[in-house]
Every structure is written in C-alpha cells, then in structure tokens.
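Enquirer: I'd like to ask you about the structure that follows.
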Amino acid sequence: MTFDYRSVELLKDALRSLEEGFRHLPDLSERIDPEEVRSALLATAERLRDNFPYHHPLYIGQMLKPPHPVARLAYALAMWINPNNHALDGGRASSAMEKEAVAQIARMFGWETHLGHLCSGGTMANFEALWISRELRPGKSVAASTQAHYTHSRLAAVLGMPFTSIDADARGRMDLAALERALVTGDVGTVVVTLGTTAAGAMDPLPEVLDLRKRYDFRIHVDAAYGGYFTLASNLDAKTRRAFDAIAQVDSIVVDPHKHGLQPYGCGCVLFRDPDVGRFYRHDSPYTYFSSGDLHLGEISLECSRPGASAAALWATLRVFPLERRGAFAADLDACREAAMALHDALQTDTRFVPLFPPELDIVLWAVRASTAREASALAQRVFEAAAKRDLHLALATIPRAMAEPAAAVRDWDAADLLCLRACVMKPEHSEWMPEILNRLQAAADDVCGVRSGT
Ligand SMILES: Cc1ncc(COP(=O)(O)O)c(C=O)c1O
C-alpha cells in the first residue's frame, strides 16, 4: 500500500465536530448524485495516475514534498465551508489561525513583531517584498545573484525596477566582490540574499552582506522560500548556521510552507521586520471589512481572495510540529540533510560520478565523468532516463562552467555549461531509503556508463 487510508476515517470525526458548530441551522439535504460523483472521482484518479510518484521516497527529483496527513486532512476539512482569508467577513476563524501560524514562522526567524501573511507561493511572496522595496527605494535596482531564482529578474521587470545581476562563486553563492562593485555605483536599492538556492541549495553569505550594509545604503530581502525552515536544523555546517543566525537583521523574508513546511501547494509566506510597511497596502474596499474592526488580512496583502483552508492546514500542522529546535519537525530536517550527505559521500566513491560540492542543505548536484562537457551532459541525460526506468526519479540542472569546473569531472570544456544530475532529498524517509536509492542509481549508471572500475 503506498497511500494511507486510515486518515480518511479521521476526517469523518473532524467533519462531525465541525458540523456541531452549525447544528442550529435548518438541515440541508445532500445535493450530490453519489453515482455521478463516484464516476467523476474514479475518472480523476485514473487521470492522476499519469504522474511521477512525488510522494514516494524513490522520487528525489524536483523540490516536491508530500504534505503531512494532518495538513491534507485539515485542508480537506476546511473545504466543507471554504473560508476566504481576504477578510474576516469571509474567513473569521481561519484568519485568526493564519495570524497565529504566521507569527510562529516570524518567531522562528527571531521576530517578535512583524507584518506578514500567507500567499499563493514563493513567487507572490517575493513579489510583495520587492514591491515594498520599490516603494521605499524608488528608482533603485534589485540585485540578486545569477543563481537566485529566475523569478527575481522577472518580478523586477513586472514592477518596473532595474535589475542587477551579481555573479555567483564556484559554490553557487553570491560573490561578495561582485556585489560590492554593484553597491559602489549607488544604484542598488535592494539585495536579494538567497538562503538555499533552487539549483544547488547554496547559501548566500548573509553575515558579510550585512557588513556591507554598514557602508552602503540598501535593503536586504532574504529569499528562503526553499531553505528557510533549515534554521531549525542542528546539523548544519558552521557557515550555514551563521547565515541563519543573522536572519533577524534583514528587512524582509520569504519562506514557503509548501516546500519544506509540509503544506499543500498554494502556501507561501512573506514577512517584514517593520510592521509600518503596512501603510503601502492601505486601500478601501467597498465590499468587505464590515464584519469587524480588527485587522482583515486583505488590508495587508496584495491578493484578495485567498484560501482559508491553507491557514487551517498550516495551523493544524504547527500543532503537531511546533517550530522548535530539537523538536520532531527539526529532527526530520536533520534527517533530510543526513540523507543528502550520505548521497554525496556515496557519489564520491563511484568513479563514474563527480559531486560538485558537499550539500549545504538537502540538494545534491553531481556530474557524470567524461572527456568533454558535451559528452558529460549527454551521459547525465541518459543516466536520468535510465534511473527513471528503474523507478528512481532524479532531476537535471544546467550548471555554469565556473561552478562545475573545480570538481574536474570534465577534461575539455567544449560548452559554456554542464548538464548535471540533481537530487532534492527532501523527505525524512530518504535516510532509510538511501541504500535502495543508491542501488538503483548504480544500476542506472551500469546501463549507461558500464560497470564501475573500482572505488
Ligand atoms: C529560492 C526560491 N525562490 C522562489 C521560488 C518560487 O516559488 P514558487 O514556485 O512557490 O512560486 C522557488 C521555487 O522553487 C525557490 O526555490
């Protein structure tokens, strides 16, 4: 069995409890034709089979992590009333849950006061942070590294802000000398510091960027959409720890509960250190904000309608997994990192593969050894396909020569970049599944490169 069925029974109990709250209302007759719904559901299930097995530990491809059952169930439960967290008029309880959950996330980063809310995901969350930066630093540019998520340059264009691309170093981290060269011009208003880049899980040097802020005037926005929860982990290397320990000093932070926070998609979070930036959101709504004089979340967010179910799911998850160092959730993050380290170590002993560098969080990047870059890229593509045939699902990433060259996987550089294999080892089960993952990976490499010559 690959899905748990017991959880569906738990949902029934919770649904009965929810119904109690509305018992005083006249009964409603059920308006479904069970046969029609059954047939539509079965057809849906059949269509959904055409997917990679994202929920299974043999899937280590893209940044996908199954929601925890408590999140899935709380989300489904909320669907029976479908609250809208735009206004307290549409989502009274779930707005309160959102405020509590977001405050817990802010506290995880060391902020007792903040302004923040949930939104549809990392893109929207970064959009709001850059928009506030534009209002506070009109005419100035957004600077982000070449390894930052592509959304930043695109969002800057949408917002009409100039964009300054900063080189990354060989580990995929923002290059400080290149950043300073951009800061000297006086044109940069905001520096995006990525804590956990999408391709390599690299950590930009936040403490050093904070030092630069003593000499230049700019805002710091941290994009920790993927990496943010790792601030709770206890097995980070010293440099990574230092970056997370400095996070409370930045101006805004993005973290995605729908990446490492066990939530279904549609759950990003943006936080501002200064609650006063709420003034930029000020607007009147002729339709809402009537039911209470308390803060309506629509008054401090750009999106209007938003799923209260996301807030209910996150709130319920945080009851089971409080955001504590050395708690159960933190232990799961430690397990992901351990699994990533184990994969990296095993790759080092296989002469056909060359890991680019040790993982800082839980993303591993490696090349296939070959004479030329083109050959190595073609082999990576073939290993990716051979692994998929063995139900091991990896990802691929195009890595610039400057990041791949130090690993010396390739002798002749006949291309500007290298296609590398990539694994997001994001499930705590990956630790115990690593031997099986390695067996399948080695078998895929046998198919493509021939049996390894020794270790
Ligand atoms: C660092 C980073 N920022 C932003 C995003 C975009 O987030 P979303 O896909 O939730 O819009 C991602 C997505 O992977 C990311 O890794």
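Enquirer: May I ask you to list the residues in segment 131-150 that are surrounded by fewer than 15 Cβ atoms within 10 Å (Cβ to Cβ) and either within 16 Å of the ligand (Cβ to nearest atom) or not assigned by TED's automatic domain parsing to the domain that holds Gly121 (or both)?
Expert: Tyr150 - this is the single residue of segment 131-150 that is surrounded by fewer than 15 Cβ atoms within 10 Å (Cβ to Cβ) and either within 16 Å of the ligand (Cβ to nearest atom) or not assigned by TED's automatic domain parsing to the domain that holds Gly121 (or both).
Enquirer: Something else: Taking the conditions exactly as written (modelled with pLDDT under 95, of a type in the set (D, E, K, R) and surrounded by fewer than 21 Cβ atoms within 10 Å (Cβ to Cβ)), does Asp89 satisfy them or not?
Expert: Values: modelled with pLDDT under 95: yes; of a type in the set (D, E, K, R): yes; surrounded by fewer than 21 Cβ atoms within 10 Å (Cβ to Cβ): yes.
Against the criterion (modelled with pLDDT under 95, of a type in the set (D, E, K, R) and surrounded by fewer than 21 Cβ atoms within 10 Å (Cβ to Cβ)), Asp89 qualifies.
Enquirer: Can you confirm whether Ala243 is within 11 Å of the ligand (Cβ to nearest atom) and among the hydrophobic types (A, V, I, L, M, F, W, C)? Before the answer, list the steps.
Expert: Numbers: within 11 Å of the ligand (Cβ to nearest atom): no; among the hydrophobic types (A, V, I, L, M, F, W, C): yes.
Answer is no for this residue.
Enquirer: May I pose another question? As an exercise: evaluate Leu302 against (1) within 16 Å of the ligand (Cβ to nearest atom); (2) buried (at least 22 other Cβ atoms within 10 Å of the Cβ) and give the number of the one condition it does not meet.
Expert: (2)
Enquirer: Shifting gears a bit: Looking at (1) within 15 Å of the ligand (Cβ to nearest atom); (2) touching a helix residue (DSSP H, G or I) at 6+ places or on another chain (Cβ under 7 Å), can you tell me which one Gly121 breaks?
Expert: Of (1) within 15 Å of the ligand (Cβ to nearest atom); (2) touching a helix residue (DSSP H, G or I) at 6+ places or on another chain (Cβ under 7 Å), only one is false for Gly121: (2).
Enquirer: Separate question: Conditions first: (1) within 24 Å of the chain's Cα centre (by Cα); (2) touching a residue at least 40 places away in the same chain (Cβ under 8 Å); (3) farther than 17 Å from Glu405 by Cα. Ala386 passes all but one, so which condition is the exception?
Expert: (1)
Enquirer: If the requirement is being in contact (Cβ under 8 Å) with a residue 24 or more places away in the chain, outside any helix (DSSP H, G or I) and closer than 30 Å to Leu421 by Cβ, which of these qualifies: Phe329, Phe357, Phe290? Give the derivation first.
Expert: Numbers: Phe329 fails: outside any helix (DSSP H, G or I); Phe290 fails: closer than 30 Å to Leu421 by Cβ.
The unique qualifying residue is Phe357.
Enquirer: Next question. As an exercise: evaluate Thr194 against (1) away from the ligand (no atom under 16 Å from the Cβ); (2) under 19 Å from Val254 (Cα atoms) and give the number of the one condition it does not meet.
Expert: Going through the list (1) away from the ligand (no atom under 16 Å from the Cβ); (2) under 19 Å from Val254 (Cα atoms), Thr194 breaks only (1).
Enquirer: Need a quick list: strands (runs of 3 or more DSSP E) entirely within segment 365-451 having at least 3 residues that are surrounded by 22 or more Cβ atoms within 10 Å (Cβ to Cβ). Break it down into steps so the answer makes sense when it comes.
Expert: Numbers: elements: 370-372, 395-400, 410-412, 417-424.
Here the list reads 417-424.
Enquirer: Checking the conditions here, which among Leu314, Leu318, Leu302 is of a type in the set (A, V, I, L, M, F, W, C), touching a strand residue (DSSP E or B) at 6+ places or on another chain (Cβ under 9 Å) and under 20 Å from Gln104 (Cα atoms)? Spell out the reasoning first.
Expert: Working: Leu318 fails: touching a strand residue (DSSP E or B) at 6+ places or on another chain (Cβ under 9 Å); Leu302 fails: under 20 Å from Gln104 (Cα atoms).
Every option except Leu314 fails the conditions.
Enquirer: To continue, here is another question. List pairs: first in segment 300-324 and over 30 Å from Ser234 (Cβ atoms), second small (Gly, Ala, Ser) and surrounded by fewer than 22 Cβ atoms within 10 Å (Cβ to Cβ), Cβ under 7 Å, 6+ apart or cross-chain?
Expert: From segment 300-324, the pairs are Ile300/Gly278; Glu303/Ser120; Pro307/Gly266.
Enquirer: If you don't mind, another one. Those residues that are within 16 Å of the ligand (Cβ to nearest atom), of a type in the set (D, E, K, R) and part of a strand (DSSP E or B), I need them from segment 201-232; list them, please.
Expert: Correct list: Asp223 only.
Enquirer: Quick one: would you say Thr198 is in a loop (DSSP other than H, G, I, E, B), outside the structural domain of Ala397 (by TED's automatic domain parsing) and within 26 Å of Trp366 (Cβ to Cβ)? Give the steps one after another, and end with the answer.
Expert: On the way: in a loop (DSSP other than H, G, I, E, B): yes; outside the structural domain of Ala397 (by TED's automatic domain parsing): yes; within 26 Å of Trp366 (Cβ to Cβ): yes.
So Thr198 fits the description; yes.
Enquirer: In the list Ala170, Ala224, Ala156, which residue meets the criterion of being of a type in the set (Gly, Ala, Ser) and either at pLDDT below 95 or in contact with an Asp or Glu (Cβ under 8 Å, 6 or more places away or on another chain) (or both)?
Expert: Within the list Ala170, Ala224, Ala156, the selection yields Ala170.
Enquirer: I'd like the full set of residues that are crowded, with 24+ Cβ neighbours inside 10 Å and more than 11 Å from the ligand (Cβ to nearest atom), limited to segment 251-262.
Expert: Taking segment 251-262 first, the residues crowded, with 24+ Cβ neighbours inside 10 Å are 252-262.
Ser252, Ile253, Gly261, Leu262, listed by residue number.
Enquirer: Being under 25 Å from Pro257 (Cα atoms) and assigned to a helix (DSSP H, G or I) is the filter here; which residues of segment 119-150 pass it?
Expert: Passing the criteria: Gly122, Thr123, Met124, Ala125, Asn126, Phe127, Glu128, Ala129, Leu130, Trp131, Ile132, Ser133.
Enquirer: Moving to a separate point now. Looking only at segment 151-188, filter to residues that are assigned to a helix (DSSP H, G or I), without any contact (Cβ under 8 Å) to a residue 40 or more places away in the chain and within 16 Å of the ligand (Cβ to nearest atom); which one of those is nearest to the chain's Cα centre (by Cα)?
Expert: Only one residue tops the list, namely Thr151.
Enquirer: Still on this model: Need pairs with beta-carbon distance below 7 Å; first residue farther than 27 Å from Tyr265 by Cα and touching a residue at least 24 places away in the same chain (Cβ under 8 Å) and within segment 205-231, second within 14 Å of the ligand (Cβ to nearest atom) and of a type outside the set (A, V, I, L, M, F, W, C); sequence gap 6+ or separate chains.
Expert: Pro205/Arg173
The values are calculated or read from the model by the stated rules, or taken from the named source; none is laboratory data. Remember, predicted model here, so these are calculated numbers, not experimental data. Please note: Cβ atoms are built from the backbone with ideal geometry, for glycine as well, and neighbour counts cover all protein chains shown.
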